[in-house]
Amino acid sequence: MPSGEPRELRTLVPFEVAAIVALAIAPLPEVVPIALPLVVLATASRWARRRSWDELLHGGGTGAVGVAAGLGALAIAVVAGTPFDELMSGRSVEWSAFPIVRGNVSQAVLVAIIVIAMAIATELALRGWIVERVLELSPGPPILPVLVGACAEALVTRGDLAARIGAGLFGAGLGWMYVSSGRSVIAPIGARTAFALGAVALEALRVVG
């Protein structure tokens, strides 16, 4: 942490929390990914504390680990998570987030680009801002920052309770990945990108729908 930072600007915390809650309950249009306003807030917060994103972009070798973890999480979600959710809810799980990609290569490429951008924005906001912020303000074991990041992930996820629980569990894993890689967003970005792109590929191939 920069030695010249004025006591982490603790006065910003109530406003940061209020902004996250407001985004979670705001009736944003479906076409507006919540990652966009989140990363704008995250950037403003880090700028106010004289921080840059470059501090979190290190440890490139962890990206491959993140990709493997993301693909593993996708496999678990498809093979085990979906049947369990259907059993508990009594209804079929709707995977289709981008039905436009089915059988359409050009649309699949466009969606893939958007998914990559949103994965990066989401991880910068949730791990690079929220988890990092709690790490700055609460020295000690990283379990609290990881849990706060997981709760934020569940809070801002669109969908039913099952979707939010799944998002929270995924967020907890990404949080541990973040702290264990030396507070770098490379591994979490790799994991989220691999998960999201894998889901798009499965939908394009009509494996899920």
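To the nearest 10 degrees, how steeply does helix 105-125 sit against the main Cα axis of the chain, on a 0 to 90 scale?
Helix 105-125 and the main axis of the chain meet at about 30 degrees.
Taking N as the number of residues in the chain, what is its alpha-carbon radius of gyration divided by 2.2 N^0.38 Å?
Numbers: Rg = 17.4 Å, N = 209, 2.2 N^0.38 = 16.8 Å.
My calculation over the Cα atoms of the chain gives 1.04.
Name the residues whose placed amide hydrogens come within less than 5 Å of the amide hydrogen of residue 158, ignoring near sequence neighbours (fewer than 5 apart) on the same chain.
For residue 158, no residues qualify.
Hey, what angle do you get for helix 143-156 against the long axis of the chain, alpha-carbon based, 0 to 90 degrees rounded to 10?
Relative to the chain, helix 143-156 is tipped by roughly 50 degrees.
Helix 62-76 against the longest principal axis of the chain: what's the angle in degrees, Cα atoms only, rounded to the nearest 10?
40
About the Cα centre of the stretch 7-204, how large is the charge dipole given +1 on each Lys and Arg Cβ and -1 on each Asp and Glu Cβ? Please answer in debye to the nearest 20.
On the way: 14 positive and 14 negative charges, 99 e Å.
Charge dipole of the stretch 7-204: 480 debye, to the nearest 20.
GNM, the chain, Cα, under 10 Å: largest mean-square fluctuation among 36, 71, 147?
In this elastic network of the chain, the residue with the biggest mean-square fluctuation among 36, 71, 147 is 36.
Under the rule of -39500 (n - 2.57) per DSSP H run of 4 or more residues, summed and divided by the residues of the chain, what mean residue ellipticity at 222 nm is obtained, to the nearest 500 deg cm²/dmol?
Details: 9 runs with 130 residues, N = 209.
Theoretical 222 nm ellipticity from helices: -20000 deg cm²/dmol.
Shape call for the stretch 98-205 from the C-alpha gyration tensor, a ≥ b ≥ c root eigenvalues: rounded (a/c under 1.5), prolate (a/b greater than b/c) or oblate?
Numbers: a/c = 2.90, a/b = 1.98, b/c = 1.46.
Judged from the Cα gyration tensor, the stretch 98-205 comes out prolate (a/c at least 1.5, a/b above b/c).
Percent relative contact order of the chain, based on C-alpha pairs within less than 8 angstrom and at least six residues apart?
Working: 243 pairs, mean separation 71.8, N = 209.
The normalised contact order for the chain reaches 34 percent.
No lab work stands behind these numbers, since they all come straight from the coordinates. Just so you know, these numbers come straight off a predicted model, no measurement behind them. So basically every Cβ, Gly included, is an ideal-geometry build from the backbone, and we count neighbours across all protein chains shown.
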